[in-house]
Amino acid sequence: TGHGPDARQVAFTTAIIVLSAKMAKADGQVTTDEIATFKRIFQIPDGEQQAVAKIWGTAKNDAAGYEPYARQIASLFANESQVLEELLGALFHIAKADGVMHPEEMKMLANIAMIFGFDAHAFERIKHIHLGAEGGGDNDPYEILGIDPSASDGEIKAKYRALIRENHPDVLMAKGVPQEFIDLANEKMAVINAAYDSIEKERGLK
């Protein structure tokens, strides 16, 4: 097995397809909404549709056995937590595609997050970004920014600037994040901006 960018891309793509299919299967059934969401996020070129369908078809038979694939991705992007966070975000999109966030899906997301190296607090922050009130959260803007409500104005501004920098599509593209994630990153930027706006209004920040 090679270790060039192509080998990394193939390993990454295969692992993504398997994780996505198993996430779709986590609640017991794969719905057309989940398949459509996968196709929307990971725009598969026509020439690869068949190969992807084959991997997906085998993976979706059973939600079990996803951990080695999660570990493979975690090792491919060991120092790039931003890429891992985008990927976790994509899995959240697939999990909620059928309109229901099933406990088994949530359990699988939490476990993948752990394999990716996110602690419980980081997982809560990511969950708030993608689920907001649906996730049992109250769409708390502080939770979305991952900062304590007792933080000073200066700390909040610094945290906001850091998040915008990390999640900026240009930065992600420079790190080799697939184009598919860039659209998700834009959605996430909108959530982060909205959270900061509401804190800004509440505190009268300028």
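A few points about this structure:
- Contact annotation: residue pairs with Cβ atoms under 8 Å, 6 or more positions apart or on different chains, pairing a residue in the stretch 40-54 that is open to solvent by 60 Å² or more (accessible area, probe 1.4 Å) with a partner that is in a helix (DSSP H, G or I), are Q43/Q179; Q43/E180.
- Restricting the stretch 105-117 to residues that are out of contact with any helix residue (DSSP H, G or I) (no Cβ under 7 Å at 6 or more places or on another chain) and hydrophobic (A, V, I, L, M, F, W, C), the residue that is nearest to V30 (Cα to Cα): M106
- Candidate set from the stretch 112-132 (those that are assigned to a helix (DSSP H, G or I), touching a residue at least 40 places away in the same chain (Cβ under 8 Å) and open to solvent by 20 Å² or more (accessible area, probe 1.4 Å)); member that is farthest from H102 (Cα to Cα): I115
- For N61: the one exception among (1) in contact (Cβ under 8 Å) with a residue 24 or more places away in the chain; (2) of a type in the set (S, T, N, Q); (3) within 23 Å of A174 (Cα to Cα): (3)
- Here the condition is being within 25 Å of A15 (Cβ to Cβ) and either modelled with pLDDT under 80 or of a type in the set (V, I, T) (or both); of A174, A133, it holds for A174 alone.
- Residues that are open to solvent by less than 30 Å² (accessible area, probe 1.4 Å) and of a type in the set (D, E, K, R), drawn from the stretch 181-206: K188
- Leading residue by the ranking (farthest from the chain's Cα centre (by Cα)) among those in the stretch 82-105 that are closer than 17 Å to T37 by Cβ and without any contact (Cβ under 8 Å) to a residue 60 or more places away in the chain: M101
- Test for A162: is it open to solvent by less than 30 Å² (accessible area, probe 1.4 Å) and within 12 Å of the chain's Cα centre (by Cα): no
- Test set (1) of a type outside the set (F, W, Y); (2) surrounded by fewer than 21 Cβ atoms within 10 Å (Cβ to Cβ); (3) under 24 Å from M101 (Cβ atoms) - S75 fails condition number: (3)
- Selection status of E143, within 13 Å of the chain's Cα centre (by Cα) and open to solvent by 40 Å² or more (accessible area, probe 1.4 Å): no
The values are calculated or read from the model by the stated rules, or taken from the named source; none is laboratory data. All figures in this text were calculated on a predicted structure; none of them were measured in a lab. Every residue, glycine among them, receives a Cβ derived from its backbone with ideal geometry; neighbour counts consider all protein chains shown. For the accessible areas, the whole protein counts, side chains as well, though only heavy atoms, and no ligand, DNA or RNA atoms are used. Shrake-Rupley method; radii C 1.70, N 1.55, O 1.52, S 1.80 Å.
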